[in-house]
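Chemist: Starting off with a structure, shown below.
The values are calculated or read from the model by the stated rules, or taken from the named source; none is laboratory data. In this text, all values refer to a predicted model and were calculated from it rather than measured experimentally. Here the Cβ is made from the backbone with ideal geometry for all residues, glycine too, and neighbour counts use every protein chain on show.
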Amino acid sequence: MLLLGMVGGGCGYSLKRTMAQLFNDQLSIKSWSYKTTKWCAGGLPMTSQWDRLIADKTYYVLLQNNYELRATGGFAGSFVRVKMTPAGIKEIFVQDIYVPDGKLPGHVEPPYPIQEAFGQGWWKLRDANWAVDFPRAASDMRWFLEQGGERPVDAIAAVNMSLLKKILEITGPVEVTTYGKQVTAKNFYSLAQTEAETDFVPGTTAKRDFLGAAGVAVLEEMKNLKLIKLMKLTKLFKEQMDSGEIVVWIKETEIEKEIEKNRWDGGLGQKPSLYDYIYMVESNLGANKANCCVERDMRYEIGKNSRLIIEWKNKNEFSGPRPPVFWGGDYVNYVRIINPSMSKIQSITVGGKELRPSTKEDFKLPNSLRSGIDWGMYNIEDYGDYKIAGFWVLVPAQASAAAELKYEIGDMNKVDDNYRLIVRKQPGVEPYPFTLTINGEEKIKTLIDRENKFVVN
């Protein structure tokens, strides 16, 4: 639905009729509506691949809660399995993430921050969207899904709760009759959270049942939307993909290349040979929804002593959840800063305390045997054309915290008299202020709401 709606905006009436038929299992590849919609959308991205997109495929959509940030947007508490056939959508099924988790055979070593935070000794599907780029995270999710008994995965998309709220802003209120609730853009999150978290135990179907019922209600409402609202939905999907809030991985290589070309894949991008590069990835490992109320600010200073400064403000009222009305608290944040492989970090300071770099001794034992968070260490990881610096930051409720990374920049980006920089925003993070100064002169002051490219003299 996301892909068909996004690329089908070139001819409104046929899009509306096609989507209506799609939801009613009436769409045929040979039908007039399919051909007409394809013709109307000609020249738009992906239309040359439609025959393959709607063939016999099983697509998965991660429903992520960006109030509990993870690398790809948020904690993926549920997913939607969509079975496509040439005749249309055969099945839409909502499943709790813990169901395939319980069927996973064997043991998988966890990333060390996952182990330090939760001390469980294993890695499972619920935490599998860990990699900083979506193609690699999707590959991990695919493996966990299939090992957990799910059908072979042809594609994975990740969306956040914030998108579902925006959809409800367009459709208007919907009635979830099985729960006797009216769901609106204003109360959707609180209802979903209450149903999921109140008296929650792993294996319960509360979250799946409510999201499934709400999803069915929204789909029923979409069947009868007027043209103007369908066009608004199409525009919304396109904007969300362009800004990196919806990310997609598809198994078929040729289609994935087209997605990558449009920067909808959530990847780190091509080798930044001419550009400096900053990508901050946060992971909330405090088992709460603190990201409802966290603000951030970033400053990058280039000069004799180059440094990156990030400040977080936690406006949560309490230090921990108070169900059934409050789910936030202290922000236990594992931060990863991605830079070009040639960059050199000289030091990292958090809260005025300089961290020590990790050594081989720190990882002598398997990750699954680690215990407790090491607040005083940072770890550098080689990641293809990039380097990742990872470290912990605690931002208590009603308080702030700051981190400072000192760099040796040199002339690695000097091609002419210009300095080039890419700053990328993590999915699920609210836009935040960014300031660039060079030799004490302010060059850029803007809001980071997507991937930004800057060229300054």
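Chemist: Could you list, in sequence order, the residues of the stretch 413-445 that are under 26 Å from K313 (Cα atoms), in a loop (DSSP other than H, G, I, E, B) and of a type in the set (D, E, K, R)?
Modeler: Answer for the stretch 413-445, where residues must be under 26 Å from K313 (Cα atoms), in a loop (DSSP other than H, G, I, E, B) and of a type in the set (D, E, K, R): K425, E430.
Chemist: How many residues, within the stretch 67-124, are polar (S, T, N, Q) and surrounded by fewer than 17 Cβ atoms within 10 Å (Cβ to Cβ)?
Modeler: 2
Chemist: Which one is surrounded by the fewest Cβ atoms within 10 Å (Cβ to Cβ) among residues in the stretch 125-146 that are over 17 Å from the mean Cα position of the chain (by Cα) and within 20 Å of F75 (Cβ to Cβ)?
Modeler: Of all residues in the stretch 125-146, those over 17 Å from the mean Cα position of the chain (by Cα) come to 143-146.
When the remaining residues are screened for being within 20 Å of F75 (Cβ to Cβ), the result is 143-145.
On the way: W143: 15, F144: 22, L145: 26.
Applying the filter and picking the extreme gives W143.
Chemist: Separate question: State which residue is surrounded by the most Cβ atoms within 10 Å (Cβ to Cβ) when the search covers only the stretch 289-328 and only residues that are aromatic (F, W, Y) and over 22 Å from the mean Cα position of the chain (by Cα).
Modeler: Y300
Chemist: Could you grab me the full set of residues in the stretch 329-380 that are part of a loop (DSSP other than H, G, I, E, B) and buried (at least 19 other Cβ atoms within 10 Å of the Cβ)?
Modeler: Residues of the stretch 329-380 part of a loop (DSSP other than H, G, I, E, B): 329-330, 341-343, 351-352, 355, 358-359, 364-366, 370-376.
Across the stretch 329-380, the qualifying residues are G329, D330, S343, L355, R370.
Chemist: Further, regarding this structure: Which residue out of G384, G372 is touching a helix residue (DSSP H, G or I) at 6+ places or on another chain (Cβ under 7 Å) and farther than 30 Å from M161 by Cα?
Modeler: One residue alone meets the criteria, G372.
Chemist: Residues that are touching a helix residue (DSSP H, G or I) at 6+ places or on another chain (Cβ under 8 Å), in contact (Cβ under 8 Å) with a residue 60 or more places away in the chain, within 20 Å of Y275 (Cβ to Cβ) and not polar (S, T, N, Q): does the stretch 432-451 have at least one?
Modeler: For the stretch 432-451, residues touching a helix residue (DSSP H, G or I) at 6+ places or on another chain (Cβ under 8 Å), in contact (Cβ under 8 Å) with a residue 60 or more places away in the chain, within 20 Å of Y275 (Cβ to Cβ) and not polar (S, T, N, Q): present.
Chemist: Filtering the stretch 147-167 down to residues that are surrounded by fewer than 22 Cβ atoms within 10 Å (Cβ to Cβ) and polar (S, T, N, Q), which residue is farthest from the chain's Cα centre (by Cα)?
Modeler: Q147
Chemist: Here is a check on your reading of the model: is K425 surrounded by 14 or more Cβ atoms within 10 Å (Cβ to Cβ) and either in contact with a Lys or Arg (Cβ under 7 Å, 6 or more places away or on another chain) or of a type in the set (F, W, Y) (or both)?
Modeler: Yes; evaluated as a whole, the condition is true for this residue.
Chemist: Within the stretch 264-277, track down each residue that is out of contact with any Lys or Arg (no Cβ under 7 Å at 6 or more places or on another chain) and either surrounded by fewer than 17 Cβ atoms within 10 Å (Cβ to Cβ) or on the phi < 0 side of the Ramachandran plot (or both).
Modeler: Correct list: W264, D265, G267, L268, Q270, K271, P272, S273, Y277.
Chemist: While we're on this one: Note down all Cβ pairs under 7 Å where the first residue falls in the stretch 115-141 and is assigned by TED's automatic domain parsing to the domain that holds V99 and closer than 19 Å to V335 by Cα, the second is in a loop (DSSP other than H, G, I, E, B) and of a type in the set (S, T, Y), and they're at least six residues apart or on different chains.
Modeler: Pairs found: G119/S371; N129/T72; F134/T72; A137/T72.
Chemist: Here's something else I'd like to know. Is there a residue in the stretch 390-406 that is under 16 Å from E282 (Cα atoms) and either part of a loop (DSSP other than H, G, I, E, B) or not assigned by TED's automatic domain parsing to the domain that holds Y331 (or both)? Explain how you work it out, then say what you get.
Modeler: Going through the stretch 390-406, the residues under 16 Å from E282 (Cα atoms) turn out to be 390-396, 400-405.
Within this subset, residues satisfying the condition of being either part of a loop (DSSP other than H, G, I, E, B) or not assigned by TED's automatic domain parsing to the domain that holds Y331 (or both) are 396.
So far as the stretch 390-406 goes, yes, one or more of its residues are under 16 Å from E282 (Cα atoms) and either part of a loop (DSSP other than H, G, I, E, B) or not assigned by TED's automatic domain parsing to the domain that holds Y331 (or both).
Chemist: Out of all the residues in the stretch 237-252, is one or more within 14 Å of R424 (Cα to Cα), of a type in the set (D, E, K, R) and touching a strand residue (DSSP E or B) at 6+ places or on another chain (Cβ under 8 Å)?
Modeler: Yes: one or more hits.
Conditions tested, residue by residue: (1) part of a loop (DSSP other than H, G, I, E, B); (2) at pLDDT 95 or above; (3) closer than 28 Å to K364 by Cβ.
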{"residue": "L44", "(1), (2), (3)": "yes, no, no"}
{"residue": "R52", "(1), (2), (3)": "no, no, no"}
{"residue": "T58", "(1), (2), (3)": "no, no, no"}
{"residue": "S78", "(1), (2), (3)": "no, no, no"}
{"residue": "K90", "(1), (2), (3)": "no, no, no"}
{"residue": "L104", "(1), (2), (3)": "yes, no, yes"}
{"residue": "P110", "(1), (2), (3)": "yes, yes, yes"}
{"residue": "V132", "(1), (2), (3)": "yes, yes, yes"}
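Chemist: I need the full set of residues from the stretch 239-283 which are part of a loop (DSSP other than H, G, I, E, B) and farther than 16 Å from R450 by Cα, in order please.
Modeler: Within the stretch 239-283, K251, E252, Q270, K271, P272, S273, L274, Y275 meet the criteria.
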